[in-house]
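Report on one structure; see the data block that follows.
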There are 2 protein chains.
Amino acid sequence: MSIDRRSGCPINLSLEVFGDRWSLIILRDMIFGGRRHFRELLNGSLEGIASNILADRLKRLMELGLLTKADDPSHKQKAIYSLTEMAITLVPIMAQLGAWGRVWLPVTEELSIRAELLEKGGPPLWEQFMDELRHEHLGAPSKTAPGTPTVRQQLRAAYEEVVARKAEAVTA
Amino acid sequence: MSIDRRSGCPINLSLEVFGDRWSLIILRDMIFGGRRHFRELLNGSLEGIASNILADRLKRLMELGLLTKADDPSHKQKAIYSLTEMAITLVPIMAQLGAWGRVWLPVTEELSIRAELLEKGGPPLWEQFMDELRHEHLGAPSKTAPGTPTVRQQLRAAYEEVVARKAEAVTA
DNA sequence: GCAACTGATTGCAAAATGCAATCGGATAGG
DNA sequence: CCTATCCGATTGCATTTTGCAATCAGTTGC
């Protein structure tokens, strides 16, 4: 279940980590959607991942060092998945991927607004977002001044604004 | 052979384009290795792609608009594959992917020196590289001042320097 | 006690992958 | 010419991966 190491090329090795159709989707939902539980990932996924694939990928991502698993104190069967630093530093890749897809592929407006915001914010915004993720997932001290909205809140607000505007356009 | 469109999310759509183990490898060899012919891609690949997979992916990448094919005037059977603007704008993604892999994965020094150079050069270097690719593949006018080494030459020189140094370390 | 929910696992069919052999046409050397 | 080599693929076939549906045993709330 570890990587093949077809070559020592960094692009190849990166591809061996998430060169499949689901690994990055799961990480996307954890990073941007804030999902931490198996069911959240299973039911919340727009793309409809199957439970066995999800289980397999979570296991694989743990073995590769991108995720850790811990018991949820509120429920003896619940597991909480956390991003590691290795996964948190994927934010710039996600941002570039989103920016590229937004230009060249048939994205929907409400789903691409977040990519747009992340692109406009550039590396400083990515850094802030990564700090928030470190706080959330690794227990690191938060560097952002209290009172300022989190990046995820900003992304969510932008998304909901588009959805509301589109709904209004329909009913108007 | 087109993409599924499981959702309109830009990250998902990008993943449907090159969320497999070979598409990005082929594009990497074309972008960084300057390969344009079937055989070059087949034999030059470090990872050892099979000919049927290569043929399949080239066809797919053409259908998706990332590559074009033209006859080679020097040989009636040879085909020259060219990158489109869509593929050329993958350079920042490749750079980020390489930078991430270099940090977190067991890369070899000689193969990661290019990623390091590309990371250090940042967006300005990426832009210069994309301009060179546009010149090479799309016939666009070259913007770089004559006499300055091309980015690919710089990458190649850095690679060969590492190889030479390592060879010396062995024989010394 | 029982229905709903937790993170998974199993069986199975379909699709993708990887390998080896091969194709018909084009070219280069003698 | 003739033959060896190279050209971009294609085919057949065994293996692996994928995706779906059903199911699991333990936990919780009522």
Checklist entry - Nearest 20 debye, what's the magnitude of the dipole of the stretch B:80-172 about its Cα centre given +1 on Lys and Arg Cβ and -1 on Asp and Glu Cβ? => result 20
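Please average, across the residues of A:54-63, the number of beta carbons from any other chain that are within 10 Å of each residue's own beta carbon, and give a whole number. All intermediate terms of the calculation are to be shown ahead of the outcome.
Numbers: counts 0, 0, 0, 0, 0, 0, 0, 0, 0, 0.
Neighbouring Cβ atoms belonging to other protein chains average 0 per residue here.
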Checklist outcome for this item: homo-copy label distances at B:V163 (7 angstrom along Cα-Cβ), nm, one dp, ascending, are 5.3
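Please report, in debye to the nearest 20, how large the charge dipole of chain B is about its Cα centre when each Lys and Arg carries +1 at its beta carbon and each Asp and Glu carries -1 there.
Working: 22 positive and 22 negative charges, 62 e Å.
In debye, rounded to 20, chain B gives about 300.
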Item to check | Cα-based helix-to-principal-axis angle, B:91-104 vs chain B, degrees rounded to 10 | outcome: 50
Checklist entry - Roughly how big is the stretch B:10-84's charge dipole about its Cα centre, with Cβ charges of +1 (Lys, Arg) and -1 (Asp, Glu), in debye to the nearest 20? => result 200
Checklist entry - What's the average, rounded to a whole number, of partner chain beta-carbon atoms within 10 Å of each residue's beta-carbon in B:105-111? => result 6
Checklist outcome for this item: Under 5 Å from the placed amide H of A:L67, counting only residues 5+ away or on other chains, we find A:M62, A:T84
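Pairs to check: A:K78/A:K166; A:K120/B:K143; B:K69/B:K143. Give those whose C-alpha atoms are more than 28 Å from each other in this structure.
Going by Cα-Cα distance, A:K78/A:K166 fall outside the 28 Å limit.
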Checklist outcome for this item: The ³J(HN,Hα) series, computed from each phi in the stretch B:12-22 with the Karplus coefficients 6.51, -1.76 and 1.60 at θ = phi - 60°, rounded to the nearest Hz and given as x for glycine or proline, is 5, 5, 4, 5, 6, 7, 10, x, 9, 7, 10
Checklist entry - Could you give the nm distance between label points at B:K143 and B:E161, where each point is 7 Å from its Cα heading toward the beta carbon? => result 2.6
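The numbers here are math on the coordinates, done by the rules we state, and not lab data. Because the structure is predicted, anything quoted here is derived from the model rather than measured. Backbone-built Cβ (ideal geometry, glycine too); neighbour counts: all protein chains shown.
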